[in-house]
Structure formats: C-alpha cells, structure tokens
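S.K.: Handing you a structure now.
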Amino acid sequence: MALKQVSSNKCFEGFQKVFEHDSAELKCKMKFGIYLPPKAETGKCPVLYWLSGLTCTEQNFITKAGFHQAAAEHGLIVVAPDTSPRGCNIEGEDESWDFGTGAGFYVDATEDPWKTNYRMYSYIKDELPKLINANFPTDPERMSIFGHSMGGHGALILALKNPGKYKSVSAFAPICNPIQCQWGKKALGGYLGSDVSKWEAYDATQLVKSYPNSHLDILIDQGKDDQFLSAGQLLPDNFIAACTEQKIPVVFRLQQGYDHSYFFIATFINDHIKHHAKYLNA
C-alpha cells in the first residue's frame, strides 16, 4: 500500500511526519501523523496510538500537545490518525460538528449511508497498525493507545474489546458512557441504528463489566472545569464505578481548574507518555 509523504519536520532529533494513503477500510484517502524518535534510526521502537476528539484532524495533536520531547526521550513512535473518513460525499456528513465528518466515533457503522465508509474501529484496530508496521521500524508486539474526549472513548473501547493487544491505555476527558450522553446517543444511533443493545459494544462502561481477568492499567485525567463534564457528556463516575466493581485498576485524576482544551492535554501529556513507556519499554 503506497504511502505519500505530505510533510516532514525535524523535532527533538527525530521527525514529525504526515503521510497520506488510500484506505481499503474507509474507501477514501486518509492522512496520519507519525513521530519517529531518534531511536528509530537505529532500531525498532514501540508504537503509541493517539485518537483525537470531535472536529479534529491528524494536525491537532501533533501541533498542540507538546508530546515530542517525552516521546523522543522514551524512544516511542507516536501515530495520530484522523477522526473520520474524508470527502466521501455522503449526504449530511458535513451538517453538524458532532456527527459525520470529524466525528467517526471509532465505530464500524452498520446503517446506510454510513456503513460503507464509516469503519473507524476496524481502521484503527487492523488497517492502520498493519500499514505502520509494514513501513516503519516498529516492534509490532509493543503497542499502546490513548486519546482525548471522543478519542478517549476510542482508546478505552479498543483496549477493552481487544484484551492483550495494547500494553496500556490512557485518556484525557474521555466520553466514558456514550449510551447515556447526548453525543453518544446521536452518534451511536446514527451509525448503528436504534437498537441500543448494539451500542453497548462501543461503550467503555458496558465493556468493562465483561472484561476478562487480563492486566490493564488505565490512567485518566479529567479537568474539573471542563464544560462537557458539567454538561453530562463524559460521565467518568459511571466508568470508575464499573472498574471498581470489576477490580480493574484505574487511576483517575480530577485536575482543578483545567478545561477540555489542548492546554489541559499539554499540561499532563508527559505523565501519559511516561505511563505508556513503563509498559512499552518493560
């Protein structure tokens, strides 16, 4: 599968690059950001996948999060894909910011007209890692995942649905219980139809209830002044209660005064990189 380099910038002795490729899963052209640490020039590195939130592209994380120094120091390749298929000319895909373009929700749609292209779950789980492992100096056995908001939801469900696939998982202000919030009801209803039982397969709070006894160390940071927390879109308490019941270790940090923005992410990104490096470099 051919990769076309869109940009390359030297950063902390490594390179932040963006590539474009034709996605078989999404049936459109897709871009992703990839940071290659200095260590990648001489050996294989583990891969950390970042999933962004609503309205984002591959650009938001690579330009705003300030993760490069920590990734360089710990020798991690960091991959940041886009958040939805692009340019599919589906009627209604650009009508709202929280559904369609920029809002793939990391599910495989089953409803028309979305089901042909909107397969972000399979893209992140299968197609993208295969592409990364075939074209870059990775250790395919060592991968982890994290994300923000809708992407935090994506990271949690990918880790919970695939025990053992990811060495660790973390999230910033994740949508923890989408079947109970407005964003989730809109997205899951649109992509998966009206049968709520189908939604549960993409809800971290539901998935954790049947997670097997496999080790998974979860770190979550949440800004206390996040407007979407107070609006009931994120519902971390429901997820933590479910984790506690299942005896799954989760470190949940409520950060005083922080909101939902990349200023919040940039503040705590080094802690998350360190969290993943502990498992990826073990």
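S.K.: What accessible area per residue comes out for segment 1-61, rounded to a whole number of Å², with a 1.4 Å probe? Let's see the in-between values first.
M.R.: On the way: 2720 Å² over 61 residues.
On a per-residue basis, segment 1-61 sits at 45 Å².
S.K.: If you don't mind, there's one more thing I want to ask. Using a cut-off of 9 Å between beta-carbons, work out the net charge of the residues near Cys28 (Lys and Arg +1, Asp and Glu -1, Cys28 not included).
M.R.: Overall, the nearby charge balance is +2.
S.K.: In percent, how large is the relative contact order of the chain, given Cα pairs closer than 8 Å and 6 or more residues apart? Spell out each step's value before the answer.
M.R.: Values: 617 pairs, mean separation 47.9, N = 282.
Once divided by the residue count of the chain, the mean separation gives 17 percent.
S.K.: Pop out the carbon and sulfur fraction of the accessible area of the chain as a percent, whole number, probe 1.4 Å.
M.R.: Carbon and sulfur: 48 percent of the exposed surface of the chain.
S.K.: Further question on the same structure: Long-range amide H contacts for Leu51: which residues qualify at under 5 Å (H placed 1.01 Å from N, peptide plane, sequence gap of 5 or more or a different chain)?
M.R.: Close amide H contacts, sequence-distant or interchain: Phe146, Gly147, His148.
S.K.: With a 1.4 Å probe and all protein chains left in place, how much accessible area per residue does segment 231-272 have, in Å²?
M.R.: In whole numbers, segment 231-272 has 53 Å² accessible per residue.
S.K.: Using only protein heavy atoms and a 1.4 Å probe, report how much of Val169 is accessible, in Å² to the nearest 10.
M.R.: Val169 exposes around 0 Å² with every protein chain in place.
S.K.: Can you sort Asp225, Asp271 by 1.4 Å-probe accessible area, starting with the largest?
M.R.: The most accessible residue leads, giving Asp225, Asp271.
S.K.: Considering only protein heavy atoms, with the full assembly of protein chains and a 1.4 angstrom probe, order Asp112, Asp203 by accessible area, largest first.
M.R.: Output order, biggest surface exposure first: Asp112, Asp203.
S.K.: Then there is this: Calculate one ³J(HN,Hα) per residue across segment 212-224 by plugging θ = phi - 60° into the Karplus curve 6.51 cos²θ - 1.76 cosθ + 1.60, and present them in order as whole Hz with x for glycine and proline.
M.R.: For segment 212-224, the Karplus-derived couplings read x, 6, 10, 5, 8, 9, 9, 10, 10, 10, 9, x, 6 Hz, x marking Gly and Pro.
S.K.: Determine the per residue accessible area of segment 108-205 with all protein chains present and a 1.4 angstrom probe, expressed in square angstrom.
M.R.: 31 Å²
S.K.: Under DSSP H, which helices of the chain have Cα atoms covering 20 Å or more of the helix axis and a Kyte-Doolittle average no less than -1.0?
M.R.: 262-280
S.K.: If you take the charge dipole of the chain about its Cα centre, with +1 on Lys and Arg Cβ and -1 on Asp and Glu Cβ, which of Gly190, Thr63, Leu216 is farthest toward its positive end?
M.R.: It is Leu216.
S.K.: Using only the Cα atoms of segment 194-282, what are the Rg and Dmax in Å?
M.R.: 14.8, 44
S.K.: If you take every residue apart from Phe136 with its C-beta less than 10 Å away from the C-beta of Phe136, what net charge results, scoring Lys and Arg +1 and Asp and Glu -1?
M.R.: That sum, taken over residues with Cβ under 10 Å, equals +2.
S.K.: Of Ile132, Thr116, His148, which is farthest towards the positive pole of segment 113-152's charge dipole, taken about the Cα centre with +1 and -1 on the beta-carbons of Lys, Arg and Asp, Glu respectively?
M.R.: Thr116
S.K.: Then there's this: Report the FRET efficiency, 1/(1 + (r/R0)^6), for Lys64 and Asn281, where r is their Cβ-Cβ distance and R0 is 30 Å, rounded to 0.05. Kindly include the intermediate steps, with their values, before the conclusion.
M.R.: Numbers: r = 25 Å, r/R0 = 0.85.
It comes to 0.75.
S.K.: OK, next. Longer than 32 Å from Cα to Cα, which of Lys44/Lys247; Lys44/Lys115; Lys64/Lys198; Lys44/Lys64; Lys10/Lys115 are they? Say none if no pair is.
M.R.: Lys44/Lys247; Lys44/Lys115; Lys64/Lys198; Lys10/Lys115
S.K.: What does the charge count around Val18 come to, taking other residues whose C-beta lies under 11 Å from its C-beta (Lys +1, Arg +1, Asp -1, Glu -1)?
M.R.: It works out to a net charge of 0.
S.K.: For Val78, which sequence-distant residues (separation of 5 or more, or a different chain) have an amide H within less than 5 Å of its own amide H, given hydrogens modelled in the peptide plane?
M.R.: Tyr35, Leu48
S.K.: Just to be sure I understand the model, the point goes 7 Å from the Cα along the line to the Cβ. What's the resulting Glu13 to Glu91 distance in nm?
M.R.: It is 5.7 nm.
The values are calculated or read from the model by the stated rules, or taken from the named source; none is laboratory data. Computed from a predicted structure; not experimentally measured. For neighbour counting, all protein chains shown are included, and Cβ atoms are generated from backbone atoms with ideal geometry for every residue, glycine included. Just so you know, the surface numbers come from the protein's heavy atoms only, side chains and all, with ligands and any DNA or RNA stripped out. Shrake-Rupley method; radii C 1.70, N 1.55, O 1.52, S 1.80 Å.
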